[in-house]
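Taking it in order: structure first as structure tokens, then the write-up.
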Amino acid sequence: MELNERILHYLDKCNEVDTLKLANEFHEDHQKIVGAVKSLEALEMVTSEAVKNTRWELTEEGQLVSDKGSHEAVLYRSVPEAGIPQAELMKTVPNAKVGFSKAMSSGWILIDKSAAPPLVKRKVDSIVDTVQEHLNEIKKGIDNLADNVRNDYKKRKLLQEVTVKSFILSKGPQFSTTIKKLETDLTSEMLQTGSWKTLEFKPYNFDALGQPPECGHLHPLLKVRSEFREIFLEMGFTEMPTNMYVESSFWNFDALFQPQQHPARDAHDTFFMSSPASSEHFPMDYLERVKKVHSEGGYGSQGYKYDWKIEEAKKNLLRTHTTAVSARMLYKLAQGEFRPQKYFSIDKVFRNETLDATHLAEFHQVEGVIAARGVGLADLIGVLDAFFSRLGFHKLQFKPAYNPYTEPSMEIFAYHTGLGKWIEIGNSGVFRPEMLLPMGLPADVNVIAWGLSLERPTMIKYGLNNIRDLVGPKVDLQMVQNNPICRLDK
Ligand code: FB9
């Protein structure tokens, strides 16, 4: 008889039954019973009410004790008539520490200190292994344990309390012990013979979920990157070419008016390339203007007054920010007739930082850059408001900050309603004239820019606390498959 009909016949006799009891009586897996119940419920032949049961089950160690005996019983049986040195006994018997302590407290063994070395001996001729007996009863679903005994086994990690969801079944409005065959397809034969008039058809289940498509899944970082890209594109920004991870110190630092003795240019903070160690080709007229503005000043600036060295500028490194690409783009922009531009970049950058739960030696920087005549701090604040409102941040606060290449500079903060606190969401500023004028940009052209990371918003978005749950060999691929689509503004 089909499982469905066995359930109906059982219900016919007892009016109400728990699916766990059915699983026990029918020697069937509980999930299989639940599946059959759901199909009977769809036909309104039964009704079910979900209930939560807690029950005690053996742990893995409890299963071992049930099979082999308690640790104390195993140790007692390992003590020979003549006795055994304690050190030897503790080495040869599994779980000897627990077994010895319990066997002593149960009065099963003693230590004969008159012998040298002292010997462990049996104190009684036979024992009853009640722990094993109790666990075997629990395994059969018989639980007559006193609370103190059960708590002792729980403390010994032999028993664990599990919550099992089951269903109380009762007869439905269409209850019967036989299942009407419901047609699922209307066939041409039914139409020709007219048999459709007397047949019963299974109702459509419009709540049924479609089969999840077997397909690939985008990594959360790539989903967030797509969202940021969409935001920039809809705001009229053009993506910069960021496919060159290796950069010269010139474009990564010198072009940004970052002095050659700046700590960020130290090997403790930057990954320098050993091969190729240096770049040889620069726009030399521009390089000379950069050298001059660093060492002597110019354009109204006193410069840093140090001996600027081309050897330092030639050193290759893994770019520490995508602002190096912004510098290349702005220099290129200055080579022709100036037209206002809006650029963005989202790509990897590398920093020789101390690794911790939220920092790796690489991360993705998101950067926005606007070059136009007469723009300033007010325009920057306005653009930040427009940009971050698309991330769901509608109230920003700014704090004065320092960057070598921007003045003024601001750290950006927003109140995150989900986290219930203000969080830092990026950094920004107006590029300095000492950076822009040596490029050849017109004197009335200003450039405002801001940056943030991709990892930080992604971790917040997907509730991850450790960067290693997002990137690296320990990423749970199920998380990648399960996590929802990314909506930064929600
Ligand atoms: O991303 C950051 N925070 C952030 C951003 C978005 C966000 O969205 C919400 C969930 C939806 C949440 C948080 N930060 C910048 C701020 C902090 O996380 C900070 O502790 C870490 N920062 C990185 C730097 O770490 C070494 C984030 C990274 C960063 C900081 C500054 C810039 C870029 C990335 C920049 C810049 C810049 C400045 C001026 C001109 C051009 C570029």
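Each reported figure results from applying straightforward, stated rules to the coordinates on display, with no laboratory input. This structure is a prediction, so every number in the text was calculated from the model and none was measured. Here Cβ is always computed from backbone atoms with ideal geometry, including for glycine, and neighbour counts include all displayed protein chains.
Principal axis extents of the C-alpha atoms in region 341-462 (largest first, rounded to whole Å): 44, 34, 23.
Based on every Cα atom in region 71-128, Rg and the maximum pairwise Cα distance Dmax equal 10.1, 30 Å. Under the criterion of Cα pairs below 8 Å and six or more residues apart, the relative contact order for region 221-481 equals 20 percent. Charges were assigned to the Cβ only: +1 to each Lys and Arg, -1 to each Asp and Glu. The resulting dipole of region 131-277 about its Cα centre is roughly 960 debye. Directionally averaged projected area (region 221-481, Cα convex hull): 14.5 nm².
The reciprocal of the average 1/r between distinct C-alpha atoms defines the Kirkwood hydrodynamic radius, which for region 103-247 equals 26.4 Å.
Compared with the rule-of-thumb size 2.2 N^0.38 Å for a compact globular protein, the chain has a Cα radius of gyration ratio of 1.60.
Backbone amide hydrogens, once placed in the peptide plane, bring Thr59 within less than 5 Å of Leu159, Gln160, excluding anything fewer than 5 places away on its chain. Angle between the Cα long axis of helix 96-105 and the longest principal axis of the chain, 0 to 90 degrees, nearest 10? Its long axis makes an angle of about 40 degrees. Mean separation of Cα pairs under 8 Å and 6 or more residues apart, divided by the residue count, gives the chain a relative contact order of 13 percent. Given +1 at the Cβ of Lys and Arg, -1 at the Cβ of Asp and Glu and no other charges, the dipole of region 71-128 around its Cα centre is 140 debye to the nearest 20. Between the alpha-carbon centres of region 128-152 and region 76-114 there is a gap of 24 Å. What's the center-to-center distance, using Cα atoms, between region 180-251 and region 253-323 in Å? The distance from the Cα centre of region 180-251 to that of region 253-323 comes to 49 Å. Taking the charge dipole of the chain about its Cα centre, with +1 at Lys and Arg Cβ atoms and -1 at Asp and Glu Cβ atoms, the residue from Val164, Gln192, Met1 reaching farthest to the positive side is Val164. Around the amide H of Val164, modelled in the peptide plane, lie the amide H atoms of Asn53, Thr54, Arg55, all under 5 Å away and 5 or more residues distant in sequence or on another chain.
The label-point distance for Glu362 and Arg390, in a model that sets each label 7 Å from Cα toward Cβ, rounds to 2.7 nm. Could you please state, rounded to a whole Å, how far the C-alpha centre of region 339-403 is from the C-alpha centre of region 449-490? Their Cα centres are 18 Å away from one another. Note on the chain: helix-only mean residue ellipticity at 222 nm, from DSSP H runs of 4+ residues weighted -39500 (n - 2.57) and normalised by residue number, equals -9500 deg cm²/dmol.
Across region 311-388, the volume of the C-alpha convex hull divided among the residues equals 140 Å³ per residue. Backbone phi angles across region 374-379, fed through the Karplus curve with coefficients 6.51, -1.76 and 1.60 (θ = phi - 60°), yield HN-Hα couplings of x, 6, x, 4, 4, 5 Hz in residue order; Gly and Pro are listed as x.
With N residues in region 1-133, what two-decimal value do you get for its Cα radius of gyration over 2.2 N^0.38 Å?
Working: Rg = 25.3 Å, N = 133, 2.2 N^0.38 = 14.1 Å.
Cα Rg divided by the expected 2.2 N^0.38 Å: 1.80.
DSSP finds beta bridges in the chain, and of those with both partners inside it, around 95 percent are antiparallel. The label point for Glu234 and the one for Ala208, both projected 7 Å from the Cα toward the Cβ, are 3.6 nm apart.
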